[in-house]
Ligand SMILES: Cc1cc2nc3c(=O)[nH]c(=O)nc-3n(C[C@H](O)[C@H](O)[C@H](O)COP(=O)(O)OP(=O)(O)OC[C@H]3O[C@@H](n4cnc5c(N)ncnc54)[C@H](O)[C@@H]3O)c2cc1C
């Protein structure tokens, strides 16, 4: 039953050009969508929304049974508008319930509970926090982590601005952010695990902030998380997957949840044999490890070569997933999309880091 409601009016001259992208994005968040004349409505598990279109104007209405639900709906709508209407510099000001609310529903302050080496090259960090339900989503596994640094040891955390989106009260004290994957979580116990690739100790520098934090943080140290982020792997009969260590937490979660009858092959590039991990996976998915054996990350050609060498079966539905260094990812994406002409419905290839560049986010 709806008890909270709010609305905003946004001047958007070119809305008809990108409305379908906004609707598609919102639909992908478990929404039931109903389209009418100059109207679209969305039923989410935690609230609902309605678009009323007039020439040059979009009216957005949001409603929910409780505060958390309304915050989530507002944020979903706001992010979709920012993403697709960016060139029109949308001005969103919400009126009604929670109009002055400054709590950002996607943000949680977490504290380090414990950390341990999973393998020589991978450190697992267990973080404790409250109210983690929204992060329990296998279709959206990633988080933006916000780290204190030597330069900004006591950062300010993001709040919700008047448009409902993340706002930083101080640019000078804004934390450094990096994208990571939730390797595991226990909502009842109130913790999440994140696996950090150990790629060099640069404590005190602006580079390698994520890695250095994982190596040196001690019980009780704080870190912010925002999310969850990410797109789902589409259901298929047969899968081809490939990643380096940075994609291994995501691949592990995907493999753990595939149905037992799933078939295919997954290639994982790691530094050496002792960086292999035990991963639950369907019997019909062959797991093949590639060792760099001294070659620096992002420079070994075998992962891309292996992906390209596999022939996709023709008589079943298939999906290709790839996550690695940016150049390797580009090669795989070009091969799948351009050479093989497989579309977005069949492939997802994401650059997880870029050689020589700090703080790269997935595009
Ligand atoms: C969707 C997504 C999910 C991700 N999940 C994870 C995850 O679960 N675990 C994880 O460890 N990483 C993950 N990454 C990758 C991670 O965000 C990057 O590796 C990030 O650069 C690490 O930040 P940093 O502060 O340690 O290094 P940065 O400050 O970003 O980079 C400093 C230097 O280190 C180099 N560098 C960065 N990463 C690596 C690496 N892996 N190997 C070798 N050199 C590197 C950079 O090229 C740069 O020269 C993910 C990325 C994305 C986009």
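Restricting the calculation to Cα atoms, the stretch 4-93 yields a radius of gyration followed by a Dmax of 12.0, 33 Å. Report the residues of the stretch 146-187 in range of a label on residue 203: point 7 Å along Cα→C-beta, backbone N strictly under 12 Å from it. Of the residues in the stretch 146-187, 150 have backbone N under 12 Å from the label point off residue 203. For the chain, relative contact order (Cα pairs under 8 Å, six or more residues apart, normalised by length) works out to 13 percent. Quick one: angle between helix 248-257 and the longest Cα principal axis of the chain, in degrees between 0 and 90, rounded to 10, please. Taking the Cα atoms of the chain, the angle to 248-257 is about 80 degrees. For the pair the stretch 324-363 and the stretch 268-284, the centres of their Cα atoms are 21 angstrom apart. At full extension, residue 50 and residue 273 could sit 74.9 nm farther apart than now, given 0.36 nm per residue minus the alpha carbon distance. Give the shape of the stretch 107-229 as rounded, prolate or oblate, defined through the alpha-carbon gyration tensor: a ≥ b ≥ c are the square roots of its eigenvalues, a/c under 1.5 means rounded, and otherwise the shape is prolate if a/b is larger than b/c and oblate if not. In terms of gyration-tensor shape, oblate. Each DSSP beta bridge with both residues in the stretch 238-353 is either parallel or antiparallel, and the antiparallel ones are about 0%. Taking the convex hull of the alpha carbon positions in the chain and averaging its projected area over all directions gives 19.5 nm².
Nearest-5 percent of antiparallel DSSP beta bridges in the chain?
70 percent
With the Kirkwood sum run over all distinct C-alpha pairs, the stretch 238-353 has a hydrodynamic radius of 14.2 Å. Relative contact order for the stretch 211-333: 31 percent, from Cα pairs under 8 Å spaced at least 6 residues apart, divided by residue count.
Rounded to the nearest 10 degrees, what's the angle between the helix 67-84 long axis and the longest principal axis of the chain, both from Cα atoms, 0 to 90? The angle comes out at about 80 degrees.
Remark: spin-label model distance residue 315-residue 83 equals 3.8 nm, labels positioned 7 Å along the Cα→Cβ axis.
For helix 15-27, what angle does its Cα long axis make with the longest principal axis of the chain, in degrees from 0 to 90 and rounded to 10? Relative to the chain, helix 15-27 is tipped by roughly 60 degrees.
Estimated at 0.36 nm per residue, the fully extended path between residue 27 and residue 340 surpasses their Cα-Cα distance by 109.8 nm. For the pair the stretch 63-129 and the stretch 11-54, the centres of their Cα atoms are 20 angstrom apart.
Relative contact order of the stretch 4-93: 37 percent, from C-alpha pairs under 8 Å at least 6 residues apart in sequence. Considering only 301, 175, 282, the mean-square fluctuation computed in a Gaussian network model of the chain, springs between alpha carbons under 10 angstrom, is largest for 301.
No lab work stands behind these numbers, since they all come straight from the coordinates. This structure is a prediction, so every number in the text was calculated from the model and none was measured. With ideal geometry, Cβ positions are generated from the backbone for all residues, glycine too; neighbour counts draw on all protein chains shown.
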